[in-house]
Amino acid sequence: MATAHRKLGDFEKYSLKYTDYPTMINNLARILRYSSIKIDSRDHEPISWITEVLNVIGAACYFYVYIFSAVWFVFVRFPQTGDYIAASVEFSLAVCSGTSILKFIYLKLDCKAVTNLIDEYLKCDARVDPNSRFAENLKKKLRIVKKRAILTWSALALNGVVYITTPFLKPGRHLTEDLYVTYGLEPMFETPNFEIATLLMTLAVIFGVLTLANYRLLICVTIGYIEAQMLALSEDLIKLWDDSEKFYEEFSEKELDIIKTVSPYDIKNVYIKHRLREIIKFHIVGITLQHIVEAKFRFIYVIEFLFVMIGIVTELLGGLENTYFELPYSLNQVFMDCLIGQRLIDASIVFENAVYSCQWENYNAANQRTVLLILQNSQKTLMLSAGGLSALSFVCLMSVIRCTYSAYTALHSTVN
């Protein structure tokens, strides 16, 4: 009973009730362990050999089904048959899911760097006074981040579940994609080729979807913390002058001797000076963390956008009746990247406006200079980019859709 109660309590920590950052990192680390990736230096428990073996099997199935077989079909079988629709479907499946294996390899090879990054995030969060309004606001903003992460993971997982289970709900024999041909398993719908192909495709899809979904969680939680921090700092800045007045009222009741020799204006500015120092420290740390994340993942973003754009074009060429599960999967990848990037840009703009609105004209000259320094830093909008070529935002999303559609119409008219 005690064990069951403890497990239920651990499961509850994945809910929106727990939005403190150490718990979110702990949740993320436990989920990533199922992808055979460790990101939390506080976790000294080794990953079980069963998990390692299952991931190796999943990666092998994925490579055989969606990389090796796709290359063989496009470059060997397609020239013989001339069936460009089947080739488009085969190639689109390989490309739209191709980033999964790249992300898995990247996180495995650079696991130590990701662990160090998470440590820096935890160090930053440890500086937050748990009894402050900033900490309370940070938790509220992190609740939004956690909700976004849960919805992102759930959407990808649901897409994968529906993709796998749909063939079993149709009458007769069906694969996840009937036009898909796996090397060495022809004819695809005869026993035992059908059963083997179904097993290999199912394991490959599970591996690919979970890898991508877990990677999405990592990006949501890391970038989301910077967004939440910026928004929480903005609220502190806007209320800073009012807080200084409340501080003076409380201080004047306790330190009667001091207020006789020091003016209210100076006392308020001493408080403001202390708070501005804390704000600028958190702001600089946030900028530093964003630059680290940008440097770590910008190459992956370039590859992902390239793959997804090619994948969407080939999905459209293959016909929506054949790729109606693939297209939402591909668009989800681009949309979530651009959404996360847009929210970071929005948070930076909110912070910049808060600096303007913090009633800095009431501060003394020294504090005004500090505000000016914060303002200069805030005008360099934080953003994610695809290799430095384009900022990830809704504008980028529209550009990707427009360019993809233009490429599709050009290729479609050429093929026809």
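The values are calculated or read from the model by the stated rules, or taken from the named source; none is laboratory data. Keep in mind the model is a prediction, meaning the values are calculated, not measured. A quick note on method: Cβ atoms are made from the backbone with ideal geometry, for glycine too, and the neighbour counts reach across all protein chains shown. Protein only, heavy atoms only, side chains kept; ligands, DNA and RNA dropped before computing areas. Shrake-Rupley method; radii C 1.70, N 1.55, O 1.52, S 1.80 Å.
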| Qualifying residues in segment 82-115 (those that are outside any helix (DSSP H, G or I) and more than 16 Å from Phe305 (Cα to Cα)) - the one farthest from the chain's Cα centre (by Cα) | Gly82
| message | Can you confirm whether Glu278 is part of a helix (DSSP H, G or I) and at pLDDT below 85? | response | no
| field | Residues being exposed (fewer than 13 other Cβ atoms within 10 Å of the Cβ), under 30 Å from Tyr329 (Cα atoms) and among the polar types (S, T, N, Q) - total across segment 126-165 | value | 2
| When the residues of segment 12-22 are filtered to those that are under 17 Å from Ala232 (Cβ atoms) and not acidic (Asp, Glu), which remaining residue is surrounded by the fewest Cβ atoms within 10 Å (Cβ to Cβ)? | Pro22
| task | Of the numbered conditions (1) under 30 Å from Ile284 (Cα atoms); (2) in contact (Cβ under 8 Å) with a residue 40 or more places away in the chain; (3) open to solvent by less than 70 Å² (accessible area, probe 1.4 Å), Val89 fails exactly one; give the number of that condition. | result | (1)
| Hey, Trp72 hits all of (1) touching a residue at least 24 places away in the same chain (Cβ under 8 Å); (2) hydrophobic (A, V, I, L, M, F, W, C); (3) touching a helix residue (DSSP H, G or I) at 6+ places or on another chain (Cβ under 6 Å) but one; which does it fall short on? | (3)
| Does Leu231 count as surrounded by 18 or more Cβ atoms within 10 Å (Cβ to Cβ), modelled with pLDDT of 85 or more and under 30 Å from Leu158 (Cα atoms)? | no
| said: Only one of Val53, Val74 is part of a helix (DSSP H, G or I), under 30 Å from Val181 (Cα atoms) and open to solvent by 50 Å² or more (accessible area, probe 1.4 Å). Can you tell me which? | reply: Val53
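So that you can scan it fast, the table gives a plain yes or no per residue for (1) open to solvent by 30 Å² or more (accessible area, probe 1.4 Å); (2) free of Cβ contacts under 8 Å to residues at least 24 places away in the same chain; (3) among the hydrophobic types (A, V, I, L, M, F, W, C); (4) under 27 Å from Lys141 (Cα atoms):
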| position | (1), (2), (3), (4) |
| --- | --- |
| Lys273 | yes, no, no, yes |
| Ile279 | no, no, yes, yes |
| Gly286 | no, no, no, yes |
| Gln333 | no, no, no, yes |
| Ile340 | no, no, yes, yes |
| Asn353 | yes, no, no, yes |
| Gln359 | yes, no, no, yes |
| Thr370 | yes, no, no, yes |
| Thr381 | yes, no, no, yes |
| query | Do you know which residues across segment 34-50 are touching a helix residue (DSSP H, G or I) at 6+ places or on another chain (Cβ under 7 Å) and either more than 22 Å from Arg148 (Cβ to Cβ) or open to solvent by 70 Å² or more (accessible area, probe 1.4 Å) (or both)? | reply | Tyr34, Ser36, Lys38, Ser41, Asp43, Ile47
| Out of all the residues in segment 390-403, is one or more surrounded by 14 or more Cβ atoms within 10 Å (Cβ to Cβ), of a type in the set (S, T, N, Q), modelled with pLDDT of 75 or more and under 30 Å from Tyr271 (Cα atoms)? | no
| query | What is the number of the single condition among (1) out of contact with any Lys or Arg (no Cβ under 8 Å at 6 or more places or on another chain); (2) open to solvent by 30 Å² or more (accessible area, probe 1.4 Å) that Ala94 does not meet? | reply | (2)
| task | Determine whether segment 215-237 contains at least one residue that is among the aromatic types (Phe, Trp, Tyr) and under 30 Å from Thr165 (Cα atoms). | result | yes
| said: With the structure loaded, tell me whether Ile39 is touching a residue at least 24 places away in the same chain (Cβ under 8 Å) and in a loop (DSSP other than H, G, I, E, B) or whether it fails that test. | reply: yes
